[in-house]
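Below: one structure, written as structure tokens.
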Amino acid sequence: MPNENKIKIVKEIEQKFKDSSALYFTKYSGMNVAQATKLRRSFTENSVEYKITKNTLTKIAALNAGYEESEIDKFLDGQIAIAYSNDDPTAPARVIKKFIKETEDENLQVVGLIFEGEFFEADKYKQLADLPSKEELLTKLVLSLNSPMTKLASSFNSVMSKMVTVLESVKSQKK
């Protein structure tokens, strides 16, 4: 029977499903407290929210957010925690990959993910972890946009320098 607290939790999770650009469903069974704390800290440092909620409440929230029941059911089996990312959809993948590499333990497993509204199998997170962050991509874009302008300015400067040199030589010849 739904109570006020459960309704509030479902609404909160539903909003996270709607607002997040990526959701990573992970099994966390077998992790000790130190590992869990380290993982949560890594997520927080990368602006990712990592929450554990009852699978039934998560399923209701996902259905309310417009996801298919058959797709969600694949991910909600066992002890599941979800990493919600609003800004950088690849940030959770990098955190998870780094955590698994550092701990050399299989206590954390990705069971699936939703990336920009599309469902993917668990292995997709490894590919996403290798992508550059949003900030890196924006920096590369700005540099690539800046490069033609810099070259154009350099060309104009070079032409002007040559013109001044020619004018100086013409001036010196007329004297």
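The values are calculated or read from the model by the stated rules, or taken from the named source; none is laboratory data. Here the structure is a predicted model, which means the values were calculated and not measured. Positions of Cβ are generated from backbone atoms using ideal geometry, with glycine treated the same way; all protein chains shown enter the neighbour counts. Side chains are part of the model used for accessible areas, which takes the heavy atoms of the whole protein and leaves out ligands, DNA and RNA. Shrake-Rupley method; radii C 1.70, N 1.55, O 1.52, S 1.80 Å.
Reducing segment 1-58 and segment 129-169 to their Cα centroids gives an inter-centroid distance of 46 Å. Ligands, DNA and RNA left out, the 1.4 Å accessible surface of segment 19-129 is 45% carbon and sulfur atoms. Restricting the GluC sites (Glu not before Pro) of segment 110-160 to loop positions (DSSP other than H, G, I, E, B) with no more than 14 neighbouring Cβ atoms within 10 Å leaves Glu116, Glu121.
Computed packing ranks the peptides 30-38, 96-104, 143-151 as 96-104, 30-38, 143-151, most packed first, by mean other Cβ atoms within 10 Å. Taking 23 Å as the limit for the C-alpha separation, the pairs Lys11/Lys38; Lys151/Lys171; Lys27/Lys101 exceed it in the case of Lys11/Lys38; Lys151/Lys171. Its Kirkwood hydrodynamic radius, worked out from the mean inverse distance over all distinct Cα pairs, puts segment 82-130 at 11.1 Å. Put simply, segment 1-147 fits an ellipsoid with semi-axes of 27, 20, 14 Å; these come from the alpha carbon gyration tensor as the roots of five times its eigenvalues, largest first. Helices in the chain that qualify as membrane-span-like (whole DSSP H runs, Cα extent of at least 30 Å along the helix axis, mean Kyte-Doolittle hydropathy of 0.0 or higher) are 134-174. What the chain shows is 65 Å² of accessible area per residue, with the surface traced by a 1.4 Å probe over protein heavy atoms.
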